[in-house]
Amino acid sequence: VAYENMLLDSNNVGAKFFAGCTKIKEIVIPLGVGTVSYGLGEYEGCTALEKVTFYSGDELVYCNSPSFLNCPNLKVIELVYVEDYETDENGKVTYTQTSQAHIATFNGSFFAGTGIEYFYTSSPEIIFGGHDFENSIIKVVVLDAADITMFGEGDGYGIFSNAKELKEVWIAGGEDGLYFSEDVF
């Protein structure tokens with residue numbers, strides 16, 4: 001696929017759906033896409049990809065690896081929760097009220113090798129696992145969540161292994177808890 005920008009209007013994102021599409025720069029996954037669990041190499045090797053926006057409703061977004069493996073130019077991943085929308089007479093949908101999506105899980109190399117420098121979430125629950133930021137250029141991570149769990153693989157390498165640019169991790173865990181395994185960093 002040689003599209004520079006692509007708006008997906010479907011009800012599913014399959015395994016390796018966009019893998020190897022080296023000219024796509026931006027992808028928008030609209031509200032109503034049935035599968036909100038990513039992690040089957042959907043965007044692997046999209047070397048020109050710079051931005052991905054996921055719109056979701058009441059469902060949680062599950063983000064698993066290796067969705068963005070080898071996407072070195074990916075700088076922005078937006079996860080947007082749609083609270084309200086309008087449809088005009090031509091069927092065009094406009095999202096009128098949005099907030100950050102409710103992310104449940106990032107698991108295993110999700111951001112590995114990407115160009116993302118800053119990551120923020122205010123999700124009520126967030127779980128990191130495996131090697132999520134391994135070999136990335138991440139510099140700042142801000143987690144403002146009620147329930148935060150971070151665990152490595154138990155193999156001596158953690159979520160931030162070989163993330164040599166990492167300078168700051170800000171965590172504001174709420175009343176529900178904060179858990180770190182010994183090999184997170």
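Computed with a 1.4 Å probe on the full set of protein chains, the accessible area for C21 sits at about 10 Å². Listed by chain and number, the lysines placed with their C-alpha closer than 24 angstrom to that of K16 are K25, K51, K75; residues fewer than eight positions away on the same chain are left out. Of the listed residues T47, T87, the order by accessible area with a 1.4 Å probe, largest first, is T87, T47. All other residues whose Cβ lies under 12 angstrom from that of S67 are scored, Lys and Arg at +1 and Asp and Glu at -1, for a net of -2.
The values are calculated or read from the model by the stated rules, or taken from the named source; none is laboratory data. Because the structure is a prediction, the values reported are computed rather than measured. Using ideal geometry, Cβ is built from the backbone for each residue, glycine included, and neighbour counts are taken over all protein chains shown. Just so you know, the surface numbers come from the protein's heavy atoms only, side chains and all, with ligands and any DNA or RNA stripped out. Shrake-Rupley method; radii C 1.70, N 1.55, O 1.52, S 1.80 Å.
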